[in-house]
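Heads up, the thing below is written out as structure tokens.
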Amino acid sequence: MNNNIKGLILIIVGMLFIITQDVLIKYTIHDASLMQILVFRGGIGFSLLCLYLIYTKQPIFFGTAHPYIAIFRGSTFFFGFTLFFISLSQITLAEATSLFFVSPFFITIYSYFILNIKIGLNRIFSIFVGFSGTLLIIKPEFNEINIYMLFPIIAAATYALSMTLAKKTAKNDNLFQQTFHIYIGAFVGGSAISILLHNSDVNLSIFSILSNPWIINDLQFIGLILFISTTGSLGIFCLIAAYRVGSPLVNSITEYVHLIFAIIIGIIIFSEVPDINSFIGIFLIMGSGIFVVFRENRREELVVSKTTLRT
């Protein structure tokens with residue numbers, strides 16, 4: 001199976017986990033502690049990965065050949081998604097999701113400067129078409145932008161940078177090491193913020209959602225947080241794996257399936273039937289994604305053919 005196809009499948013599975021996590025966090029963020037969820041997600045992800053390595057008889061190693069990059073990836077990933085989840089407390093899931101999907105633009109830029117991947121007009125056009133499709137589906141009203149609408153954009157930038165750096169360091173740090181770094185970043189960052197807020201009277205203003213106390217005496221609620229943490233952890237694992245094996249540009253387009261999942265969930269759970277613009281948007285997203293995948297496959301076939309002729 002082609003590596004880009006493997007990455008595509010991993011992205012789709014990962015997005016199923018991520019959309020489940022996002023919907024549940026949206027429902028609980030005003031009552032639960034966001035830091036508790038992120039700490040639990042980091043701890044559960046770390047534990048699940050250790051169990052997997054033990055089961056498959058592989059060594060447990062979370063060191064790195066690139067310590068500064070690893071620390072930077074873990075902290076920026078945590079920072080970005082903390083802002084994204086904060087935004088869910090003030091704007092709709094549709095608005096937050098649509099704004100987050102500027103990530104392909106960031107990935108395109110990072111791929112050029114960090115991975116030295118040439119960006120052709122066809123790819124730029126396909127990304128533009130895919131992003132246009134997201135706007136048709138979500139239909140955000142940008143005339144009322146507030147500070148919370150900037151948070152998903154920052155999250156998109158940090159997420160894109162983290163995934164690009166994962167590809168950059170893939171030769172020296174394996175998938176499990178890179179995933180450990182993300183989980184450790186969430187666990188340490190969430191724990192540090194929780195301790196800091198518990199022992200201070202800081203006025204958080206727009207970050208007030210972070211001051212929600214941990215809930216430890218409600219088993220049903222703890223179970224929900226554990227479920228959210230598990231789905232989020234599995235989603236992160238799938239996304240990191242996708243960017244290791246596949247092209248960042250192909251993966252960035254495929255991530256638009258997140259929006260399709262959001263529409264399906266809206267129909268089934270909330271009886272929100274898409275209008276004609278949304279269906280056109282889905283067509284544009286799928287069309288641009290398929291175009292990039294086929295173009296990448298064709299490109300690899302040409303490279304293989306030229307190599308064969310030379311030998």
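The values are calculated or read from the model by the stated rules, or taken from the named source; none is laboratory data. Nothing here was measured: the structure is a model prediction, and the numbers come from that model. Positions of Cβ are backbone-derived with ideal geometry, glycine not excepted, and every protein chain shown enters the neighbour counts.
Which one is surrounded by the fewest Cβ atoms within 10 Å (Cβ to Cβ) among residues in the stretch 167-181 that are more than 16 Å from the chain's Cα centre (by Cα) and of a type outside the set (A, V, I, L, M, F, W, C)?
Applying the filter and picking the extreme gives Lys171.
In this structure, does Leu38 turn out to be within 21 Å of Gly223 (Cβ to Cβ), buried (at least 17 other Cβ atoms within 10 Å of the Cβ) and hydrophobic (A, V, I, L, M, F, W, C)?
Yes; evaluated as a whole, the condition is true for this residue.
Name the residues in the stretch 111-138 that are in contact with a Lys or Arg (Cβ under 9 Å, 6 or more places away or on another chain), closer than 23 Å to Phe81 by Cβ and surrounded by 22 or more Cβ atoms within 10 Å (Cβ to Cβ), would you?
Ser111
Restricting to the stretch 41-59, count the residues that are of a type in the set (A, V, I, L, M, F, W, C) and touching a residue at least 60 places away in the same chain (Cβ under 8 Å).
Result for the stretch 41-59: 5.
Those residues that are modelled with pLDDT of 90 or more and assigned to a helix (DSSP H, G or I), I need them from the stretch 54-73; list them, please.
Listed by number, the residues that qualify are Ile54, Pro67, Tyr68, Ile69, Ala70, Ile71, Phe72, Arg73.
What is the number of the single condition among (1) part of a loop (DSSP other than H, G, I, E, B); (2) more than 22 Å from Ile154 (Cα to Cα) that Phe46 does not meet?
All conditions are met except number (1).
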